[in-house]
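Everything below concerns the one structure shown next.
Taken together, the values in this text are just the output of simple stated rules run on the coordinates, not laboratory data. Keep in mind that what you see is a predicted model, and the values were worked out from it rather than measured. Positions of Cβ are backbone-derived with ideal geometry, glycine not excepted, and every protein chain shown enters the neighbour counts.
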Amino acid sequence: MADKGKIGNVDLTAVIDMVPPARTPSAMFPDVADSAWESYKDTLEDGQLQLYYGVIVLQMDGATILVDTGMGPGPHPDRGNLTGNLYELVSDVLAPPDNTTNTNVSPSDQVNFVIHTHLHADHVGWNLRYAGGMPAPNFRRARYIISKADYDYYTEETMLEQSPHVQRQVIPLRRLRLQEIVEGEHEVTDGISVVPAPGHTPGHQVVLINSGGQKGMVAGDLLHNIAQVSEPTWCAGVDWDKTQSANSREKLLDLAEKENWTVAAGHFPPGQQIGKVIRDGNKRIWAPL
């Protein structure tokens, strides 16, 4: 069952493309002492840190948006040869009404925008499919929104050689005339904007929602584990700049708490991917919807 929420006139649905193998907390957060997890055992599963590769679907009058596209169909040798399931799940979410007479439109044709929070492999995997070596978009009517800072970083020659997922799932978008490279704060469509939140990657960005007097955020990899809501200085080992990552997290969690945002975090467990940041004594905690 997908997690659901609502911000004004925007419906949010969190779907999980793939569940990668779990790992020890120190493998994900090498700078956090094992003893520090004693207060956050409930954020672990059997003592292990389990990520979920979640994608957030935003639906409103006039636009359907995917925030990131998961790990991709696979199988993925570096993740236990597991496979992704996003396309089928998104098709279910976007299925036409039972009474429709238009059987020629695929549910994926309804996606108007794909917003990439950043260009890691588990966030771009369903952009394109290949037949006979040629790429074709899985969401053919969508504009793919990518931050310039991330695009410049990952298409630099050395980084590109180390990033086959960018070669296959990002670079061809330019030739297909589907990508839109943006800088700074950028309005994607009415009530939906991207805002820089650097640190995890140079161009990491979050999606802000402002609709019907309510606000919210799709956090991307600002958050990997629920413990980070209470411990914003905890940084993933893969963060490009840990100081920037912590600063971005503190700033946006502060706004989320003060302005009562609804927040979606795709890496959180099912049933907890959409929630609020609230105060409990002297620290923030996560309150799933």
Self-check item: Top of S35, S91, S108 by mean-square fluctuation, Gaussian network on the chain, Cα under 10 Å
Solution: S35
Quiz item: Which residue, D34, D239, D11, has the most motion in a Gaussian network model of the chain that connects Cα atoms within less than 10 Å?
Solution: D34
Quiz item: In whole Å, what are the Cα extents of the stretch 3-288 along the three principal axes, biggest one first?
Solution: 54, 45, 36
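Taking the square root of 5 times each eigenvalue of the Cα gyration tensor, what semi-axes in Å does the equivalent ellipsoid of the stretch 86-238 have, largest first? Mind dumping the intermediate values first?
Details: eigenvalues 140, 101, 44 Å².
Equivalent-ellipsoid dimensions as semi-axes: 26, 22, 15 Å.
Could you compute how fast the stretch 1-87 diffuses translationally, taking Rh as the Kirkwood radius over C-alpha pairs and applying Stokes-Einstein at 10 °C with viscosity 1.306 mPa s? Give it in µm² per second. Working shown, then result.
Numbers: Rh = 15.1 Å.
Rounded to a whole number, D works out at 105 µm²/s.
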Quiz item: Classify the stretch 190-289: rounded, prolate or oblate, from the alpha-carbon gyration tensor (a ≥ b ≥ c, eigenvalue square roots; a/c under 1.5 rounded; otherwise prolate if a/b is larger than b/c)?
Solution: oblate
Quiz item: Cross-link partners among aspartates and glutamates for K6, C-alpha distance below 20 Å, same-chain residues fewer than 8 apart left out?
Solution: D61, D68, D92, E187, D190, E257, E259
Quiz item: What lysines sit close enough to K242 to cross-link, taking a C-alpha to C-alpha distance under 26 Å and skipping anything fewer than 8 places away on the same chain?
Solution: K41, K148, K251, K258, K276, K283
Exercise. Starting from the Cα of R279, step 7 Å along the direction of its Cβ; do the same at R177; then give the gap between the two resulting points in nm.
Key: 5.3 nm
